[in-house]
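Have a look at the structure below before the remarks.
Any read-out appearing in this document is the output of simple, stated calculations on the displayed coordinates, not a laboratory observation. These numbers come from a predicted model, not from an experiment. Glycine gets a Cβ as well: all are built from the backbone with ideal geometry, and neighbour counts include every protein chain shown.
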Amino acid sequence: MDKKAKGVQMIRKARISDVKCLHRLLNAFASEGRLLPRSLNDLYTHIRDTFVWEDTQSKEILGCASLHVVWEDLAEIRSLAVKRECQGHGIGAALVRACVEEARELEIARVFVLTYEVAFFQKQGFHLVEKHIFPQKIWVDCLHCSKFPDCDETALLMDLA
């Protein structure tokens with residue numbers, strides 16, 4: 001674990017009190033073009049989708065990820081972010097595992113990501129796919145994205161069935 005995070009770490013579901021911290025963390029990466037921005041409204045609305053990695057001693061949020069159910073057999077991992085000084089220590093992988101485990105508990109057959117971090121997700125067991133295989137995502141979310149129709153993210157999928 002990162003030397004700067006010396007307390008006990010844990011993954012837990014996000015709380016309302018975490019939203020402003022999550023907003024800062026996610027939008028710092030969004031300002032660099034590494035993630036899509038998330039509004040406070042969106043974070044509050046989808047708080048139940050979100051996991052955080054917390055240093056229980058300092059109460060600092062070191063990372064987050066969300067599992068968003070798209071359809072009866074499909075979910076998306078969104079907004080994976082880990083503080084820079086804590087990257088490379090397994091936090092992101094643990095957050096992805098938490099999302100995948102929740103998808104399994106919900107009996108969701110497939111989990112996908114749209115990402116710029118292709119190698120990271122391949123290392124977690126995802127494989128490359130074409131975005132057009134997710135029409136539910138396109139009609140619900142992508143139409144409202146500032147990058148539509150010229151999305152430059154890569155789609156990857158994990159089959160859980």
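Taking θ as phi - 60°, what are the ³J(HN,Hα) couplings along segment 38-52 by the Karplus curve (6.51, -1.76, 1.60), each to the nearest whole Hz, with x for Gly and Pro?
Ordered by residue, 3J(HN,Hα) equals 10, 7, 4, 4, 5, 5, 5, 5, 10, 4, 6, 7, 9, 9, 10 Hz.
Under a 5 Å amide H to amide H cut-off, with H placed in plane at 1.01 Å, what residues pair with residue 35 once short-range neighbours are removed?
30
Go ahead and collect, in residue order, the members of segment 84-114 whose backbone nitrogen is under 16 Å from a label point 7 Å along the Cα-Cβ direction of residue 72.
Inside the label zone: 106-110.
Would you mind putting 56-62, 98-104 in packing order, based on average other-beta-carbon counts within 10 Å, highest first? Let's see the in-between values first.
Values: 56-62: 15.0, 98-104: 18.7.
Final packing ranking: 98-104, 56-62.
Using the 10 angstrom Cβ neighbour count as an exposure proxy, how do 16, 11 rank, fewest first? Show your work: numbers first, answer last.
Details: 16 9, 11 18.
With the sparsest Cβ surroundings first, the list reads 16, 11.
Put a dot 7 Å past each Cα toward the Cβ at residue 15 and residue 128; how far apart are the dots in nm?
Once both label points are built, they end up 4.3 nm from each other.
Write down the Å³ per residue value for the convex hull defined by the alpha carbon atoms of segment 9-159.
Expressed per residue, the convex hull around the Cα atoms of segment 9-159 is 109 Å³.
Taking 0.36 nm per intervening residue step and subtracting the Cα-Cα distance, what contour gain separates residue 32 from residue 104 on full extension? Don't jump to the answer; show the numbers that get you there.
On the way: separation 72, 0.36 × 72 = 25.92 nm, distance 3.25 nm.
Gain in length upon complete extension: 22.7 nm.
To make sure I understand, if each residue's beta carbon is the centre and we count other beta carbons within 10 Å, what order do 49, 42, 159, 73 fall in, fewest to most? List each step's numbers first, then the result.
Values: 49 21, 42 16, 159 10, 73 13.
By the 10 Å Cβ count, ascending: 159, 73, 42, 49.
Considering the options 64, 120, 75, tell which one lies farthest towards the positive end of the dipole of segment 9-159, charges being +1 on Lys and Arg and -1 on Asp and Glu at the Cβ, about the Cα centre.
The residue sitting farthest along the positive end of the dipole is 64.
Please go through the residue pairs 13/123; 13/83; 20/83; 20/59 and name each one whose alpha carbons sit more than 22 Å apart in this structure. Before the final figure, lay out each step's value.
Details: 13/123 24 Å; 13/83 18 Å; 20/83 15 Å; 20/59 14 Å.
As for pairs spanning more than 22 Å Cα to Cα, those are 13/123.
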